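Here the structure is laid out as structure tokens; the discussion comes afterwards.
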Amino acid sequence: MQNTTFALRGNIFYTPAPGSLAVHPESWLVCEEGRVAGVFPSLPGRYAGVEVHDHSGKLILPGLVDLHAHASQYAYRGLGMDLELLQWLEQNAFPEEAKFARAGYARQAYALFARQLAASATTRACIFATLHRPATLVLMEQLEAAGLVCFVGKVNMDRNSPDILREAGPAAALAETRRWLEESRRFVRSRPILTPRFTPSCSDELMAGLGGLQREYGVPLQSHLSENLSEIAWVKELCPGADFYGQTYSRFGLFGGFCPTVMAHCVWSGEAERALMKENGVFIAHCPQSNMNVSSGVAPVKSYLMEGQKVGLGSDVAGGAHLSLFRAVTDAIQSSKLRWRLVDQTVPALTLPEALYLATKGGGEFFGKVGSFEPGYEFDAIVMDDAALPTTRACSLPERLERMVYLSDGAPCAKYVQGRRLF
């Protein structure tokens, strides 16, 4: 049984606002009943005698939040990177996801994903499974056992999909989704999230039914939006009455407002779509590596921050080849530099504190008060040891943090979720 009140000692960092980096050298971070009580230069007397986890010399950060990953695609990460999105889906994603109809394969593949995610710096994630209800429950069980807090979605797709990966019409898809929502009630940390794959794979009848389920069950929703130019053109053919891609969700009540919504990519979202996202509080999952790998483009993520959009980061495994969100942080910075240099020099590139904000508090807001060490936030923390990154240079704490983000493999030496120490 873990103590409900304890303290961590070490070099503490967090980003209370975009571009703002709080640095507390050799300080005390107190967890009280699963929430942050505060960061202190010395341990306050009222906490005398509490258990102290001494990480002196190491770097302590909020746990990282992955707003978009495909657990069913983990096995083939790093493959098919010469293809654009729609071809990549046909040749890689759909054949692999069809295998999850077999319970044994699903258990083996999801065990690999859950182990790797648990060992990473990620403490919370929004995850796509597949359309298979039993396999999705297997994934939820394994993530629950790993101690992570995740939204997990049974994917819906009833059109424009191969026979081996298409639900038998909207009524059958909705019935399976309802059954899955009911069966998900037994989990505490693995929470259900409605998951229409994207507009091309979901009929209007299915989308309307998902809108009804969302209002009935009050669950959030995740999908893809304006990722690729070929995809956007396809949506326009399928939905000629929509002024922009986001309307194909909003007309069914599936675009924020009533329940939290996260849309992955938003590389090519125009002015009207962006205005509706901001009005409805839709979260953007920025997936820089995937956007580059499948030739989608470079999303204007700095502009989104300046507009006041809700933005976090996603690994988008396996469109993104790396599960590490530290890699997503550096990819976000580097791709934004290219956008500034080659596309729009009026908008500066992301800085490291801004990108860390996206990976912590920015994405964490989708889960509530998550992703910061401000008092009252849920206690998610990772401890990073940069001793394995030797240098002859005497580095300041911000410099040590920067080197760790760019050079480490992303594996923490200690990890805490909701005040529970996982390792």
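Which residues, counting only those in the stretch 386-410, are within 18 Å of residue 323 (Cα to Cα), of a type outside the set (Phe, Trp, Tyr) and at pLDDT 95 or above?
Answer for the stretch 386-410, where residues must be within 18 Å of residue 323 (Cα to Cα), of a type outside the set (Phe, Trp, Tyr) and at pLDDT 95 or above: 404, 405, 407.
Just name the residue that is farthest from residue 210 (Cα to Cα) out of those in the stretch 184-197 that are among the charged types (D, E, K, R) and crowded, with 16+ Cβ neighbours inside 10 Å.
Ranking the candidates gives 189 first.
Take the stretch 378-407 and flag every residue that is open to solvent by 30 Å² or more (accessible area, probe 1.4 Å) and part of a loop (DSSP other than H, G, I, E, B).
385, 389, 390, 391, 392, 393, 394, 395, 396
Since residue 281 meets every condition but one in (1) of a type outside the set (Ser, Thr, Tyr); (2) over 25 Å from residue 351 (Cα atoms); (3) open to solvent by 10 Å² or more (accessible area, probe 1.4 Å); (4) touching a strand residue (DSSP E or B) at 6+ places or on another chain (Cβ under 7 Å), which condition does it not meet?
Going through (1) of a type outside the set (Ser, Thr, Tyr); (2) over 25 Å from residue 351 (Cα atoms); (3) open to solvent by 10 Å² or more (accessible area, probe 1.4 Å); (4) touching a strand residue (DSSP E or B) at 6+ places or on another chain (Cβ under 7 Å) one by one, residue 281 breaks only (2).
Condition check: out of contact with any strand residue (DSSP E or B) (no Cβ under 6 Å at 6 or more places or on another chain) and open to solvent by 20 Å² or more (accessible area, probe 1.4 Å). Does residue 240 satisfy that?
Yes.
Output the helices (runs of 4 or more DSSP H) that fall wholly within the stretch 75-136 and possess 2 or more residues being of a type outside the set (Lys, Arg) and open to solvent by 30 Å² or more (accessible area, probe 1.4 Å), or say none.
Counting at least 2 such residues, we get 85-88, 103-119.
Let me confirm something: among 343, 383, which residue is closer than 27 Å to residue 36 by Cβ, modelled with pLDDT of 95 or more and among the β-branched types (Val, Ile, Thr)?
383
I'd like the residue in the stretch 160-181 that is in contact with a Gly (Cβ under 9 Å, 6 or more places away or on another chain) and closer than 21 Å to residue 234 by Cβ and, out of all such residues, is surrounded by the most Cβ atoms within 10 Å (Cβ to Cβ).
So the residue we want is 173.
Identify all residues within the stretch 174-201 that are more than 29 Å from residue 117 (Cα to Cα) and out of contact with any Phe, Trp or Tyr (no Cβ under 6 Å at 6 or more places or on another chain); write none if there are none.
Those that are more than 29 Å from residue 117 (Cα to Cα) and out of contact with any Phe, Trp or Tyr (no Cβ under 6 Å at 6 or more places or on another chain): 174, 175.
The values are calculated or read from the model by the stated rules, or taken from the named source; none is laboratory data. All values reported here derive from a predicted model rather than from experimental measurement. Because the Cβ atoms are built from the backbone with ideal geometry, glycine has one as well, and the counts that use them run over all protein chains shown. Just the protein is used for accessible areas: all its heavy atoms, side chains included, with ligands, DNA and RNA removed. Shrake-Rupley method; radii C 1.70, N 1.55, O 1.52, S 1.80 Å.
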